């Protein structure tokens, strides 16, 4: 996502990372109990993952996260007026890149005088499903996070 933010910055496209909470708390990154702790976790995430975009930190009770759907890894694209142009229940860089390219093209066509009418689209996108990489990410939080996720997979019949 950092690369996409850099790629489109010259087009006036901004990008933020909203830190909500640890999806899989563990020994190193436990369940959040204070804003001070939440800010420390957000800074560690920035440093460990190399997030170069601005990171906004949600309230301790997750008010912003709840307002925008509560899924663990959502992405949204808004225009300057706050109109939603893209909403995804999972962050996938390729999907977002294509969406930004499309909307920049729409804005260009409008500036050139084309009369365009919006319509709603739903589609199913596909993302890489690298379970090993996912578990490496879980390890960031600690063995408890890995253990609990593996147990959930067993319960769901997926492990």
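The values are calculated or read from the model by the stated rules, or taken from the named source; none is laboratory data. Here the structure is a predicted model, which means the values were calculated and not measured. Cβ atoms come from the backbone with ideal geometry, glycine included; neighbour counts cover every protein chain shown.
I need the full set of residues from segment 54-79 which are within 19 Å of residue 95 (Cα to Cα) and over 15 Å from the mean Cα position of the chain (by Cα), in order please.
79 - this is the single residue of segment 54-79 that is within 19 Å of residue 95 (Cα to Cα) and over 15 Å from the mean Cα position of the chain (by Cα).
Would you say residue 98 is modelled with pLDDT of 95 or more, under 30 Å from residue 10 (Cα atoms), under 18 Å from the mean Cα position of the chain (by Cα) and assigned to a loop (DSSP other than H, G, I, E, B)?
no
Do we have residue 110 as under 20 Å from residue 10 (Cα atoms), out of contact with any helix residue (DSSP H, G or I) (no Cβ under 7 Å at 6 or more places or on another chain), part of a helix (DSSP H, G or I) and without any contact (Cβ under 8 Å) to a residue 12 or more places away in the chain here?
Yes, satisfied.
Here are some conditions: (1) in contact (Cβ under 8 Å) with a residue 24 or more places away in the chain; (2) more than 16 Å from the chain's Cα centre (by Cα); (3) farther than 29 Å from residue 149 by Cα. Residue 82 meets all but one. Which one does it not meet?
That leaves (1) as the condition not met.
Say we look at segment 6-25 and pick out the residues that are more than 20 Å from residue 141 (Cβ to Cβ) and touching a strand residue (DSSP E or B) at 6+ places or on another chain (Cβ under 9 Å); which of these is surrounded by the most Cβ atoms within 10 Å (Cβ to Cβ)?
13
Confirm whether residue 149 is surrounded by 14 or more Cβ atoms within 10 Å (Cβ to Cβ), more than 23 Å from residue 20 (Cα to Cα) and within 23 Å of the chain's Cα centre (by Cα).
Here the answer is no, as residue 149 does not meet what is asked.
If residue 117 satisfies all but one of (1) free of Cβ contacts under 8 Å to residues at least 40 places away in the same chain; (2) part of a helix (DSSP H, G or I); (3) under 29 Å from residue 86 (Cα atoms), what's the number of the condition it fails?
Condition not satisfied by residue 117: (2).
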